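The values are calculated or read from the model by the stated rules, or taken from the named source; none is laboratory data. Treat the numbers as computed from the prediction; the structure is a model and nothing was measured. Counting neighbours? That spans all protein chains shown, and the Cβs are built from the backbone with ideal geometry, glycine included.
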Amino acid sequence: MSDTSTRTTRDLLGNELTPAEARLLAVYEELKALCASEDLPPNAAAGARAALAQMHNVVSGLALEYEHLSDLGV
């Protein structure tokens, strides 16, 4: 998992996060945590991975986070 603690108020370009961007990044981080969980039923794990893939497009497109999903096992 990447360390977002140093960027909690700024995007990758150095701009201040808007409240909406901060919420989107929090959703992405929570989905990553869910995908790392070993105790989800198969259908929930698949749904979480699918949602993470969509949120990855959002946070990457907004320059909030940059990482490869394959590094996360997705």
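The set of residues in region 49-74 being in a loop (DSSP other than H, G, I, E, B), in contact (Cβ under 8 Å) with a residue 24 or more places away in the chain and either exposed (fewer than 13 other Cβ atoms within 10 Å of the Cβ) or among the charged types (D, E, K, R) (or both) consists of GLU65, TYR66, GLU67, GLY73. For first residues located in region 9-22 and at pLDDT below 95, partners that are outside any loop (DSSP other than H, G, I, E, B) and among the basic types (Lys, Arg) and lie 6+ apart or on another chain with Cβ distances below 6 Å do not occur.
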